[in-house]
Each structure stands twice: as C-alpha cells, then as structure tokens.
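Student: Okay, handing you the structure first.
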Amino acid sequence: MGDDGAAGGRIPLSEELPTVFRAVAEIRPSRWLRRPRRAIHYDARWPDGRVGTEVDLVALMYRRAPADYDVVKRVMDEHCPETGCGPWVLYPTGDVL
C-alpha cells in the first residue's frame, strides 16, 4: 500500500502504533473574539515508553481503523475533566486504565 501520513512526517503502516491515548483539556482564549473556551488535545504513549503530546488522532488511528478510532475518542472525551488530564485509554478497546 505505501505510507500513512502523520503529524511530523510520514510513517510506514508497519510502524508500531501507540498503545494508550488520553485527552487533555484547558481553557484558552478563542482565536477571534478572545473569549475563554475549552480546548482539548490528545497525548499518546507507545510501548517503548515514548509519550507524544498534541498528536494527530486521525493520522495515528482513523486511517487504519475507523471503528477503533470512534470508540477510543468517545471514551477519552467522556472521561476528560473540564480542565486537566483525563485517564489513559487503551487502544483499540477503549478501556480506561
């Protein structure tokens, strides 16, 4: 097939995927009106212990397994507090760790 795109460059489809993901929420001013708004970004952790912050979920999960992406993203968003880090969520099952 070829390479699959990801944030920060292209990764081969055979490269190992992260095993857990988490949502991190914070209050930021909106771009245009400068009003406070809740913004969520996502972190990923690989089996070797590397942690990536503000990763592109679509590049890492959706293009390979859309059903797994939907489950994991929904669980992360449901368990994320108003501000701060949510729990790590196991990929691809969506179990909360």
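Student: Residue separation times 0.36 nm, minus the C-alpha to C-alpha distance between GLU82 and GLU54: what's the value?
Tutor: Working it through step by step, the gained length comes to 8.4 nm.
Student: Within the set of other residues whose C-beta is less than 14 Å from the C-beta of GLY94, count the net charge using Lys and Arg as +1 and Asp and Glu as -1.
Tutor: -2
Student: Mind ranking 25-34, 59-68 by how tightly packed they are, going by the mean number of other C-beta atoms within 10 angstrom, highest first?
Tutor: 59-68, 25-34
Student: Suppose R0 equals 25 Å; then what is the FRET efficiency for VAL96 and ARG35 from their Cβ-Cβ distance, rounded to the nearest 0.05?
Tutor: Efficiency computed from Cβ-Cβ geometry: 0.20.
Student: Along the stretch 23-30, what does the Karplus equation 6.51 cos²θ - 1.76 cosθ + 1.60 (θ = phi - 60°) give for ³J(HN,Hα), rounded to whole Hz, x for Gly and Pro?
Tutor: For the stretch 23-30, the Karplus-derived couplings read 9, 10, 10, 8, 9, 10, x, 5 Hz, x marking Gly and Pro.
Only the coordinates and a few stated rules stand behind these numbers; no lab work does. All figures in this text were calculated on a predicted structure; none of them were measured in a lab. With ideal geometry, Cβ positions are generated from the backbone for all residues, glycine too; neighbour counts draw on all protein chains shown.
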